[in-house]
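**Q** Submitted below is the structure of interest, expressed as structure tokens.
The values are calculated or read from the model by the stated rules, or taken from the named source; none is laboratory data. The shown structure was predicted, so the numbers you read here are calculated from the model rather than taken from an experiment. Methodologically, a virtual Cβ is constructed for each residue, glycine included, from the backbone with ideal geometry; neighbour enumeration extends over all protein chains shown. Heavy atoms of the whole protein, side chains included, go into the accessibility calculation; ligands, DNA and RNA do not. Shrake-Rupley method; radii C 1.70, N 1.55, O 1.52, S 1.80 Å.
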Amino acid sequence: MTSAIHGFGQPDFHGLTVASFESRMAVEMARLIGRYGGKSLVVPALREIPLEDNSAALEFGIRLMTERIDMLILLTGAGTIALFDLLKMRYPWPSIVEALARTAIVARGPKPAAALRALGLQPTAIVPEPNTWVDVVRTVDERLPVMGLRVAVQEYGMPNPALLEALQRRGAEVFQVPIYKWALPDDLAPIRHALNEIIAGRVTVMLITNAAQADHVMRVLEQDGKVEPFRSALTKMVVASIGPTASERLGHHRWPVDFEPSHPKMGVLVKETSERASSILSRKR
């Protein structure tokens, strides 16, 4: 049997403490870490809050129903559901469906595509893995050049300036549709505990499943004056990122990225990190 020390052993963390800042799927993340032999330290770094002012979404509805939206880019499943829930409060569903028949719908991966299908709608195009903004733009380029088109972008948590700029450079009239945003948790004690454990060297693996997690962790570290001790601790542990979008943000904060899974899915991230953790630790230490 190939040993995990060589990087491709059985999926098993062998009792290592594994930290995650997952919020929406925190229970599932803790269960996965335990399934693969890890001691879980899961503390949410994000709190999803609806935008108090839904004017952008309501303006999107007006444009969709009375003017023209040539393309709708849906970036998240939760945002897709929230957007259509808002629309259904204002307009009859058959009228929404009729308006959407004139609109190309681009889903960034399987989650918004599944949300659409649950509503009885079909995406015009589905962005392939790893579902980065670059993949979104490539899909748009291949399917429907956007020069002169009105393009609405359903945003998640925070804007993606690179995506918006790329669409504008191609001549699109871009309309942002924010649905929800991320805030820090009300109680910062759990995240501070996790960060102190990392700095003290009592955590061996850290899993990042959302780019915004890194931003929020940095905000807490900056408040507490612990950025450099945290970065130093990361050099001695395994830092695994769910995919290129998150990895790009980690690089921005000067965090190492030791591993990305073969598919940007939480279950794959945990399993494949457990297979490679020992090998990565041997190399870093």
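**Q** What number of residues within the stretch 36-58 are under 23 Å from the mean Cα position of the chain (by Cα), open to solvent by 40 Å² or more (accessible area, probe 1.4 Å) and closer than 21 Å to residue 278 by Cβ?
**A** Of the residues in that region, 1 qualify.
**Q** For the structure I just gave you, tell me whether residue 145 is outside any strand (DSSP E or B), open to solvent by 10 Å² or more (accessible area, probe 1.4 Å) and at pLDDT 95 or above.
**A** no
**Q** Taking the stretch 163-187 as the search range and keeping residues that are within 18 Å of residue 214 (Cα to Cα) and in contact with a helix residue (DSSP H, G or I) (Cβ under 6 Å, 6 or more places away or on another chain), which one is modelled with the lowest pLDDT?
**A** Going through the qualifying residues, I end up with 182.
**Q** Assess whether residue 194 counts as being in contact (Cβ under 8 Å) with a residue 12 or more places away in the chain, closer than 18 Å to residue 230 by Cβ, under 22 Å from the mean Cα position of the chain (by Cα) and in a helix (DSSP H, G or I).
**A** So residue 194 fits the description; yes.
**Q** With the condition kept exactly as written, say whether any residue in the stretch 148-158 is surrounded by fewer than 13 Cβ atoms within 10 Å (Cβ to Cβ), of a type outside the set (D, E, K, R) and touching a residue at least 40 places away in the same chain (Cβ under 8 Å).
**A** yes
**Q** Scan the stretch 255-285 for residues that are modelled with pLDDT of 95 or more, within 19 Å of the chain's Cα centre (by Cα) and among the charged types (D, E, K, R) and jot them down.
**A** Scanning the stretch 255-285 gives 258, 260, 271, 272.
**Q** Check the stretch 204-211 and report whether any residue there is within 30 Å of residue 237 (Cα to Cα) and free of Cβ contacts under 8 Å to residues at least 40 places away in the same chain.
**A** Yes, because at least one residue in the stretch 204-211 is within 30 Å of residue 237 (Cα to Cα) and free of Cβ contacts under 8 Å to residues at least 40 places away in the same chain.
**Q** Tell me which residues, restricted to the stretch 237-248, are open to solvent by less than 20 Å² (accessible area, probe 1.4 Å) and either hydrophobic (A, V, I, L, M, F, W, C) or in a loop (DSSP other than H, G, I, E, B) (or both).
**A** Listed by number, the residues that qualify are 237, 238, 239, 240, 243, 246.
Conditions tested, residue by residue: (1) assigned to a strand (DSSP E or B); (2) of a type in the set (Gly, Ala, Ser); (3) open to solvent by 30 Å² or more (accessible area, probe 1.4 Å); (4) out of contact with any Phe, Trp or Tyr (no Cβ under 7 Å at 6 or more places or on another chain).
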| position | (1), (2), (3), (4) |
| --- | --- |
| 206 | yes, no, no, yes |
| 213 | no, no, no, no |
| 217 | no, no, no, no |
| 233 | no, yes, no, yes |
| 250 | no, no, no, yes |
| 261 | no, no, no, yes |
| 274 | no, yes, no, no |
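**Q** For residues that are among the charged types (D, E, K, R) and not in a loop (DSSP other than H, G, I, E, B), scanning just the stretch 263-272, find the one that is most open to solvent (accessible area, probe 1.4 Å).
**A** That would be 271.
**Q** Sort out which residues of the stretch 68-79 are under 16 Å from residue 181 (Cβ atoms) and either crowded, with 21+ Cβ neighbours inside 10 Å or without any contact (Cβ under 8 Å) to a residue 24 or more places away in the chain (or both), and write them in order of number.
**A** 75, 76, 79
**Q** On to the next question. If you go through the stretch 174-190 one residue at a time, how many are part of a helix (DSSP H, G or I) and farther than 16 Å from residue 42 by Cα?
**A** 0
**Q** How many of the residues making up the stretch 117-145 are closer than 14 Å to residue 167 by Cβ and hydroxyl-bearing (Ser, Thr, Tyr)?
**A** Residues in the stretch 117-145 being closer than 14 Å to residue 167 by Cβ and hydroxyl-bearing (Ser, Thr, Tyr): 1 in total.
**Q** Please specify each residue of the stretch 124-142 satisfying the condition of being assigned to a loop (DSSP other than H, G, I, E, B), crowded, with 20+ Cβ neighbours inside 10 Å and without any contact (Cβ under 8 Å) to a residue 60 or more places away in the chain.
**A** If the condition is that a residue be assigned to a loop (DSSP other than H, G, I, E, B), crowded, with 20+ Cβ neighbours inside 10 Å and without any contact (Cβ under 8 Å) to a residue 60 or more places away in the chain, then 127 is the only one that fits.
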